[in-house]
Amino acid sequence: MGGVSGEPDEPEAALGLACVVGLGSSPVLELLRWHLSGDIWRASAARLERWGLSRPVAARFVARRRAWRAQPVRERMEETGVRFVPLSELGTAARCLAVPPAGAFLVGEEETWRAIMTRPRVTIVGTRRSTPYGRALARAAAGRFVGAGVAVVSGLAFGVDVEAHKGALATGGLTLAVLGCGPNVTYPRAHAAIREKVRGQGVILSEYPPDTPPAPWRFPARNRIMAALGDAVLVVEAGERSGALITVDEALSLGRSVLAVPGPLGSEASRGCHRLIADGAAIVESLDLLVKEYACRSRTDREGRGLCLSPSFAVLRGTEAEGRSGTVERFIQEALAQGPCSVDQLAQAAAGGVREVSAALALMELRGEVVRAGTGVYALNP
């Protein structure tokens, strides 16, 4: 089968992918790590198979792609005040996810979105079954961050998430809510009022088109986007099986640091946090030191966003995974010293996985150490 006629531009192709693949063909989204949206959108089924899709997945995607029409979606977006931004506007880390989003549907002012994406950001997560201790800490921590010019990212769920948004809003800061439903859908219903406040003072974001209903599987999926949009993750309260730990795993795979708040002795709501601390996450001992710890351990100083609070602060890496990242970066540098390499070649040279190498490359690209020399190919920055 041939590609789609009309040769849509990159944003239009990304919109098509976000709508069509949102129906469940996540293997198609995995191709975004190596190929542009327009290339995927125009590819024939045979080419998609050569890129690694199974025959049924490729055929299903091509059939849905042919049936999709942009105009009804754009009309509904206009009706609901929703805009779409492609993957390229979500930051380098989003492309390094195992399953990158094609883009995001936004509710909020464009100027506010730009402001959020140019500031340091922290993702605050925790259990829905939060205690008064956890809720108070989430609000206070968010307030400290926005006071230092950091935007707060969370998921507008019950418990820690909504309290983080409240803390950011109460101190006049920027906040970004990542949803597991359409950006115009209010879920949970009880958060209708706070959702409107976030919309007015911040941005609501979802990878799903308008009117997409909430579904259990969509919330763990959205956690990867929360991880990619934060420069570090703060876990306030988390049980042993909390969904917040999914965000932590995604953050570590991207080379992000994790900070965890210890809870009272024996607290079921803090067992996940205690395990994270035992595994090497940075322990949050006081709110006074919280932002300093974040500045030291996050990537904000390396991106020139002004939060390295002292010249003597080193960029500390608080986990074993991050220590491994430094080793991978050395292998990458040695391999690229011999000439440009594909990600697969670099994974072999570093004796690591493609995902791990992609995360290291994202950090090196942000620091200006490597440049793209083609699709999925990197070279040392001369």
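So here's what we get for this one:
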| item | result |
| --- | --- |
| Computed [θ] at 222 nm, helices only, for the chain once each DSSP H run of length n ≥ 4 contributes -39500 (n - 2.57) | -14000 deg cm²/dmol |
| Computed lengthening from Glu75 to Glu196, 0.36 nm per intervening residue step minus Cα-Cα distance | 41.4 nm |
| Fully extended contour minus Cα-Cα distance, from Ser44 to Arg66, at 0.36 nm per residue | 6.8 nm |
| Shape category assigned to the chain from the gyration tensor of Cα positions, a/c cut at 1.5 | oblate |
| Within a Gaussian network of the chain (alpha carbon springs, distance under 10 Å), most fluctuating of Arg256, Arg95, Arg66 | Arg66 |
| Share, in percent, of DSSP beta bridges within the range 92-297 that are antiparallel, nearest 5 | 15 |
| Distance-filtered residues of the range 224-245 - backbone nitrogen under 19 Å, label point 7 angstrom along Arg367 Cα→Cβ | 231-233 |
| Calculated over the range 92-297: convex hull of Cα atoms, volume per residue (Å³) | 107 |
| Spin-label model distance (nm) - Ala170 vs Asn381, 7 Å beyond Cα toward Cβ | 4.1 |
| Sequence-distant residues sharing a close amide H with Val370 (under 5 Å, placed H) | Glu365, Asn381 |
| Among Trp34, Ala360, Thr212 the positive-end extreme of the charge dipole of the chain (Cβ point charges) | Thr212 |
| Gained length - Gln333 relative to Asp279, 0.36 nm times residue gap less alpha-carbon distance | 16.6 nm |
| Relative contact order (%) - the range 31-169, alpha-carbon pairs under 8 angstrom, separation at least six | 18 |
| The range 92-297, relative contact order in percent, only Cα pairs under 8 angstrom and at least six apart counted | 23 |
| Normalised contact order of the chain, rounded percent, pairs of Cα under 8 Å and 6 or more residues apart | 14 |
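Computed from the coordinates by the stated procedures, all read-outs in this text should not be read as laboratory data. This structure is a prediction, so every number in the text was calculated from the model and none was measured. Cβ sites come from the backbone with ideal geometry, for glycine too, and all protein chains shown count toward neighbours.
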